[in-house]
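What follows is a set of notes on a single structure, which appears directly below.
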Amino acid sequence: MATPKPWRRWFNNWLERRLPRVKTASLTRKNIFTFPSRTGWMFAGVLILLWLLATNYQNNLVFGFSALLGALLIVSIFHGYANLSGLQLRVLSVDHGFPGDQLRVEVELSHPRPRRREDIHLLFPDGDTRIVSLSSERASITVALYLDARRRGRRHVDRITIETSYPLGLIRVWSYLNLAGYGLVYPRPVAVEAVASGETGDSSTRSAEVAGSEDFSGLRDYRNGESLNRIAWKQFARGQTLLSKQFVDPIADPQWLDWQQFPGMDREARLSRLCHQVLKAARAGYAFGLRLPGQCSDLGVGDAHRDRLLAMLAVFEIGDAA
Amino acid sequence: VTPFWQISRNGAFWLLAAFLVSCLSLVQYLPTLILAVVAVSLLWRIGIYRGRWGAPGRWLKLLLMIACGIGIQLSFSRIYGLEPMVTLLVCGYSLKLLEMHQRRDALVVIFLGYFVAITLALFDQGIATALIILVSLILITASLAALHGTSGSRVRTVALWRSARLLAQAFPLMLVFFLVMPRLPPLWSVPAANSSVTGMSDNLRIGDITRLGTSGALAFRVDFDGQPPPRQQLYWRGMTLSGFDGQSWTRSGWGYRGGLVNWQQEPEAEWQRQIEKGDAQISYRIMLERQGGNWLYSLWLPEPGTPGTGLARDMTLVSAAPAGGRSEYRVISYPEARAEVNALDHVRRRFELHLPGNGNPQTRRLAAQWAGETGSADKLIQRLMAFYNQEFSYTLQPPALGENAVDDFLFSSRQGFCEHFAASFVFFMRAAGIPARLVVGYQGGEFHPDKGYLTVRQYDAHAWAEVWLEGRGWVQYDPTAAVAPERILSSFLDLMSEEVVFEDSPFSIGRYRGIDWLNQLRLNLDDLEYRWARWILGYDNIQESFLARLLGGFDSWRLALFVLLASSLALLPVLGWSLFSRRGETHHPLDALYLQFCQRLATAGCERQPGEGPQAFARRSAEHLPGHRQRIDRITQGYVNLRYRGQGDLAKLKQEVRQFRPAIQSLWRKPVTTQICTLAGGCFWCLDSAYRNVKGVVGVTSGYTGGQTENPTYRQICTGMTGHAEVVQLEFNPDKISFREVLEIFFALHDPTSLNRQGADVGTQYRSAIFYHDQHQKQVAEEVIADINQSGLWDSAVVTALEPLTVFYPAEDYHQDYYAKEPESRYCQLVISPKLAKFRENFRSKLK
């Protein structure tokens, strides 16, 4: 990203002070900006021409109609303002992802005093735009916008521009919203060239098993939806109720994924490789854990565990305050 | 092209509508070729709109451009003029309409449209024009709204209403702006409209005024300050025509050009001081319609009262700049004044005696001969007038004249219109050596019967003569008056109405003067138009005086304060509207109907939850309002069928929803005071089902009363030991149905002569009884029973008991509207259905 121009930087700083990051942004007269749009300036140009025409021809009817159009311009300011005023926005959720992904951001627009609002544009600086309308019968609406995931870390939601040119397109009414909410950007996964064999689990690791299909472990009441293959037909034939056979999978030996496996690499390279290993381990289904300098996870399996570890990688050595 | 840069279909629609209105209103000012271009563009664009044609090819656009160029070249001698400018604007408007691809293009068309629509006001400032412009503005703004709002781009009328609403809201603010808008003098001189206007021109050929006689177009209106002079004195002098080349009379430089005009604010000139004004004076104000020159109309010897007007040496009024539209000026006239009494200087005398070298020899000879015979100018004029009077006739269809027009007229045709008489008179005078000039203007006019102002129309155009006499100055002679004095004394219309066929404005002229109410309407419209014009024109003066009076001063801070206060006042309603209005969604008509139904349920305390489907809501609300279960189900089913299956009867559903009023009362309606009565007539299911269909019955509750057991159950009742009877309690609206009528139905519904039984139902619980709530009910019941006994309708006497109501116990829920709930049950099938059918037959007029 190119360094912003000085005035742009100044403007951003000013905005930061004026409209700080908030959880829920309410649009009021303090943060709604109003200015004629390009169409509005064209319209004003027409008005000036009409005024000249009226003056040169000393024509009161033309004066009257140009006054009417001028009043129309003013009136549409109020309608445009009312279209945004009283709206509340907050980020409901942000997806996590890898660099280069598009992170889905769910923004909720609500209005405590519902009325019809239309032609509201929500846009992110990099150009993703949604047009929404709210009706007096719905208190809220959820809009999905997409963010570019760039670097590892917390991807805070960009400043959202909410704008409307309702009702006539003459007046642009807008606000910049700095909404709290972020998605995690995990390190870019990089395959490990030579399989660095991790230490096999230490003595404290108990062998574990999870429900699976390998070894028979017992019988249980049949539940609707279970595979017919699992029904214990023998027992059924003997007059017992329908039972289903239960199996378990033995868990492979747990594995520790360690920062120290990749000597001589820089931080990001290590993280990228660990990330790849986490994904691989999660797919393989054995219990695994992660050791980073100063942090150590539990051993575990499953998607939730994987996501926890990925989050650890994502924010490793990145300050909370970012 | 991202979607929101496209032109929405409704945007295009309103744009086309606005284009049509603007161009139609300008039709009379545009050359034919340009009209063709406009038509082609419009039709092609409609073709695109309807999806029939694609964008026009390059050849067509080129052709249209060439057509525009040729059209302008052929129709206008120069490009610097109002008409050519407007034409150019319309050309651009049309061509851009064809070139419209994106929203950006549409915006250009829209702004051109605003401009074109308003330029119409440069040609005419009448009410009709103002209305047309307003309609155009609403349409153009509608297209702007349809380009930007989501709902406006979807539903066509939404954009139109939004536009009309916004403009209506802008109106109060417009008044404020209009009041304080700075009025400057013209910044640079602009070409005025000079498209052909019906009216006088400064070059008179014989026959010109005759042509004006067939036009009912307005020339000017006059408001007299005092009593208006009699009609035969209303000679509205416009120009004096002194130049004559044998064919046409012209207004030559003498009399009005620079230096020879004394403008209103200038000190009196020497020649002006020599005017003997006399005592009488008439003060009036004239509103002149658009015309083709700088002359103004006035009565004899005017004194200008408005800046920018001046008195010319020929004692006519002129304006400094020809008005592009209507203009208003004040005049004081001195009818007894005498001008240039002493002497005409040599040059002037020669000028007023000038005749071309040859032509009209007969007239010259006769003039010379008569001059010799009479010896004095007075006698000569008298003789000529007598000659006219005896030998000539006045007609609107004079025969054509040859090269020596005056000779032909005087010696052969002897039929003519005012100009024939006036021109021949002046020629004759000059040939006799008497200075004379032709005067053109209007004569008479029509007084508005109520408002008193005078309306002068083109058919009042007139020509007469002024003769300079030694010691008396200029004296007016009207030879037409000698021939046809009625022309001067009465209205032209009365005189000529059979002879004249008016070509223009069929309504505004007196064609319908015979029809009273139509004539009144015409006069009222005329008055409205005049007042409008006065207001629009006189505005500049009002602005300052009004503000000065209102504010008590006219300085900047007062003005600023006024603008601030007035604008806030004007904007307050807008603010309220925009912030607090809870405008609803624009719905599919079926959805709107269903929402109306939901709304009614909501007023009855059963609100639809967000996301609740119609069926689920119907189930829930039916539980909440068991009495309305049937209707709720019917409406919901009807809606679902229509909306999702595309089958069913919309009209029926509409009616059903309209009649569905679960809420008993609403606050704003006139409160309905209902009465309650309690009746026992056998099984309550029958009465219940029947009364639910009766008009005016608002509520039916089945229950028990008349016994001793507290809170009885149906099982207890069935034993017959409780003393209670099965009853229905009716809530009815006495405005719709009287208690007596309720009872009449009651007695038709059961057999009141069988004691303690109805059909197969036997027991005291099935007794016939009326549990009266008050003495009035008791009295009415007694009367009805007496009537029935007397009528002999039943073989035996009525046994219906009259008991005062004690405590009423509503029956279990499943008894309420039992027939509707269990229409398939045996009892309903066997007992209620036939009874209900018979009841419907007999009481059709009283059913809902």
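Quick note: the coordinates plus some simple rules give every number you see, no bench work behind them. Note that this is a predicted model, so its numbers are computed, not measured. Cβ: placed from backbone, ideal geometry, glycine included. Neighbour counts: every protein chain shown.
Before moving on, here are some points about what is shown:
- Separation of the range B:385-461 from the range B:804-848 is 95 Å, based on Cα centroids.
- Cα-based radius of gyration of the range A:84-144 once divided by 2.2 N^0.38 Å, which approximates compact folds: 1.24
- The mean of 1/r over all pairs of different alpha-carbon atoms in the range B:691-750, once inverted, gives a Kirkwood hydrodynamic radius of 12.9 Å.
- Rg and Dmax of the range A:87-195, Cα atoms only, in Å: 16.9, 65
- Alpha carbon centroid spacing (whole Å) that separates the range B:257-286 from the range B:5-20: 57 Å
- Near residue A:290, the amide H atoms lying under 5 Å from its own belong to A:257, A:297; only residues 5 or more places off or on other chains count, and H is placed 1.01 Å from N.
- Out of every Cα-Cα pair that the range A:3-143 contains, those further apart than 26 angstrom amount to 47 percent.
- The P(r) of the range A:1-60 has a tail past 15 Å containing 72 percent of all C-alpha pairs.
- The separation of the range B:605-628 from the range A:268-287, counted between C-alpha centres, amounts to 54 Å.
- Here the gap between residue B:161 and residue B:762, fully extended at 0.36 nm per residue and compared with their Cα-Cα distance, gives a gain of 209.6 nm.
- log10 of Debye I(q)/I(0), alpha-carbon scatterers only, for the range B:25-111 at 0.11, 0.19 Å⁻¹: -0.30, -0.85
- Computed on the range A:1-160, with alpha-carbon pairs under 8 angstrom and 6+ residues apart, the relative contact order is 18 percent.
- On a per residue basis, the convex hull of the C-alpha atoms belonging to the range B:286-384 measures out at 174 Å³.
- Cα-based equivalent ellipsoid of chain A: semi-axis lengths in Å, sorted from largest, via gyration tensor: 60, 29, 14
- If only the Cβ of Lys and Arg carry +1 and only the Cβ of Asp and Glu carry -1, the dipole of the range A:63-149 around its Cα centre is close to 540 debye.
- Under the convention that each Lys and Arg Cβ holds +1 and each Asp and Glu Cβ holds -1, the size of the dipole of the protein assembly as shown around its Cα centre is about 3160 debye.
- J(HN,Hα) series, the range A:13-21, from Karplus relation 6.51 cos²θ - 1.76 cosθ + 1.60, nearest Hz, glycine and proline x: 4, 4, 4, 4, 6, 6, 10, x, 5
- Taken over chain B, the convex hull of the Cα atoms encloses 293 Å³ per residue.
- Here the relative contact order of the range B:39-145, from alpha carbon pairs under 8 Å that lie six or more residues apart, stands at 22 percent.
- Mean separation of Cα contacts under 8 Å, 6 or more apart, over the residue count of chain B: relative contact order %: 9 percent
- In order through the range B:710-721: 3J(HN,Hα) via Karplus (6.51 cos²θ - 1.76 cosθ + 1.60), integer Hz, x for Gly, Pro: 7, 6, x, 9, 4, 4, 4, 4, 4, 5, x, 9
- Size of the range B:618-752: Rg and Dmax of its alpha carbons, in Å, are 18.1, 56.
- Per residue convex hull volume, Cα atoms of the protein assembly as shown, in Å³: 349 Å³
- Of the GluC sites (Glu not before Pro) found in the range A:96-199, the ones in coil according to DSSP and having at most 16 other Cβ atoms within 10 Å of their Cβ are A:137, A:193, A:199.
- Degrees between helix B:775-791 axis and first principal axis of chain B (Cα, 0 to 90, nearest 10): 80 degrees
- Crossing angle, helix B:516-537 versus chain B [Cα axis fit, 0-90 degrees, rounded to tens]: 70 degrees
- Projecting the Cα atoms of B:682, B:720, B:696 onto the charge dipole of the range B:629-775, computed from C-beta unit charges around the Cα centre, puts B:696 farthest toward the positive end.
- Among B:319, B:329, A:311 - extreme Cα towards positive end, dipole of the protein assembly as shown, charges at beta-carbon: A:311
- In sequence order, the range B:373-390 has phi-based couplings of 6, 7, x, 10, 4, 4, 5, 4, 5, 4, 5, 5, 4, 4, 4, 4, 4, 8 Hz under the Karplus curve 6.51 cos²θ - 1.76 cosθ + 1.60, θ = phi - 60°, and Gly or Pro positions carry x.
- Using a 4.7 Å Cβ-Cβ cutoff, the cysteines of chain B lacking any partner cysteine are B:23, B:418, B:598, B:606, B:677, B:683, B:686, B:718, B:828.
- Between the helical axis of A:303-314 and the longest alpha-carbon principal axis of chain A there is an angle of about 60 degrees.
- Based on alpha-carbon atoms, the Kirkwood radius and the radius of gyration of the range A:22-94 give Rg/Rh equal to 1.24.
- Pairs of Cα atoms in the range B:215-338 fall into 5 Å distance bins, from 0 up to the last occupied one, in shares of 2, 10, 20, 24, 21, 14, 6, 2, 0 percent.
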